[in-house]
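Accompanying notes for the structure given below.
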Amino acid sequence: MEHPENHEQYKGLTVNSGVKQPPVVNPYFKGRVARKPLPSAGELVEGIIKGDVTMLSRAVTLVESLSADHQAIAQEVIEKCLPYSGNSRRIGITGVPGAGKSTSIDVFGLHVLRDGGKLAVLAIDPSSERTKGSILGDKTRMEKLAIHPSAFIRPSPSAGSLGGVARKTRETVVLCEAAGYNNIFIETVGVGQSETAVHSMVDFFLLIQLAGTGDELQGIKRGIMEMADGIVINKADGDNVDRARLAQAQFRSALHLFPPTVSGWMPEVLCYSGYYEIGIAEVWQMIDRYFDFVKNNGYFEQRRQQQARYWMRETIDEQLRLHFYNNPEVEALLHDREQRVLGNRQSSFTAARDVLDFYFSKNIH
């Protein structure tokens, strides 16, 4: 019996059968689709080399994964893709929030694609310190590129660790180059430390500035200016043209006070409007002149070699840090020494030395 309460021994108690459940809203719904099995490293490499965007996306997901199994497959894929990489222009694009980076990338990208080839845009998106989540909404501001068949846009969350994301972004560059993308744009979050990380993986570093924002001196600070290979002032349209020209003159004067660049290239300052697509060709002609200049004097290959050396050492640093903090004995000793430091029974320096001495005695024979 469906409802035992309706038995005759329970007189006066009746349970109705209830309301009949309506059918599903979508008559074509057939339940949850089973997840596709993870391709092997060989299948991923084969798909990437053929330019399969789905395989490229799945490989990038493995690169970004924290799973040890996924990382093992990702590293194998990267190793096999290395011989097919290195044939692109890697361009870093930075600027303060609101400078129009995403809009500019949209129009720069379309200009590049008119000459043929393929474009990959890798955007580092800031993550919330509280929830660790990211909007990953840069793609929505690149309306034309997002639907272009020759463009691949991939936003990545910073997840609180710019160093880790930078390494994964560099590995993603290798995969994109193997897939035939001969132009790579890397957009930074525009908040300080990320610029240094992105500068260490690109050939040309473009700084986007604004005029008439109230404090022109903020844009002439040495750190970011010394990294820039080209400076462009956005929103040079309408009533803002005169302010943009004035800012252009100020930046040019400031650049003359800096020491010569290692490459020998003198950074240029140009004005343009990303929204109205004014001056886009001139910006790209400047980038063309830069690549011709550094390839002729040998700096292009020299910089690529320096970057490869830098990222090898960065990876060593990261792996050493992980090995150190994931050691259970070190973790226990670290907790003990932290309590001693917090209780003013030992200084921070001697506590750190004790932990390091213990670690090295265990791992170096």
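The values are calculated or read from the model by the stated rules, or taken from the named source; none is laboratory data. Everything quoted here is computed from the prediction, not taken from an experiment. Virtual Cβ from ideal backbone geometry, glycine too; neighbours counted across all protein chains shown.
Quick notes on this structure:
- Of all residues making up the stretch 43-78, the number that are more than 20 Å from the chain's Cα centre (by Cα), in a helix (DSSP H, G or I) and among the charged types (D, E, K, R): 4
- Restricting attention to the stretch 223-248, the residues being without any contact (Cβ under 8 Å) to a residue 40 or more places away in the chain and over 24 Å from E195 (Cα atoms) number 8.
- In the stretch 114-170, the residue that is surrounded by the fewest Cβ atoms within 10 Å (Cβ to Cβ) out of those that are modelled with pLDDT of 90 or more and touching a Ser or Thr at 6+ places or on another chain (Cβ under 6 Å) is K118.
- Filter pass, Y290 being in a loop (DSSP other than H, G, I, E, B), modelled with pLDDT of 90 or more and within 30 Å of A211 (Cβ to Cβ): no
- Filter pass, Y310 being hydroxyl-bearing (S, T, Y), within 26 Å of S102 (Cα to Cα) and out of contact with any strand residue (DSSP E or B) (no Cβ under 6 Å at 6 or more places or on another chain): no
- Take the conditions (1) buried (at least 21 other Cβ atoms within 10 Å of the Cβ); (2) modelled with pLDDT of 80 or more; (3) touching a Pro at 6+ places or on another chain (Cβ under 9 Å); E226 misses just one of them, which is (1).
- Close pairs (9 angstrom Cβ cut-off, 6 or more residues apart or separate chains): touching a residue at least 24 places away in the same chain (Cβ under 8 Å) in the stretch 295-320, β-branched (V, I, T) anywhere: Y299/V262; F300/V294; R303/V262; R303/V294; Q307/V202
- Evaluation of T350 against the conditions (1) at pLDDT 95 or above; (2) touching an Asp or Glu at 6+ places or on another chain (Cβ under 8 Å) shows that the sole unmet condition is (2).
- One residue stands out in the stretch 234-273 among those that are of a type in the set (S, T, N, Q) and part of a helix (DSSP H, G or I): the one that is surrounded by the fewest Cβ atoms within 10 Å (Cβ to Cβ), namely S253.
- Of A34, A99, all but one fail to be assigned to a loop (DSSP other than H, G, I, E, B) and over 23 Å from the mean Cα position of the chain (by Cα); the exception is A34.
- Criterion applied to Y28, Y10 was being part of a loop (DSSP other than H, G, I, E, B), among the hydroxyl-bearing types (S, T, Y) and either at pLDDT 70 or above or at positive phi (or both), and the one residue passing it is Y28.
- Taken as a whole, the structure leaves Y276 outside the set of residues that are assigned to a helix (DSSP H, G or I), among the hydroxyl-bearing types (S, T, Y) and surrounded by 13 or more Cβ atoms within 10 Å (Cβ to Cβ).
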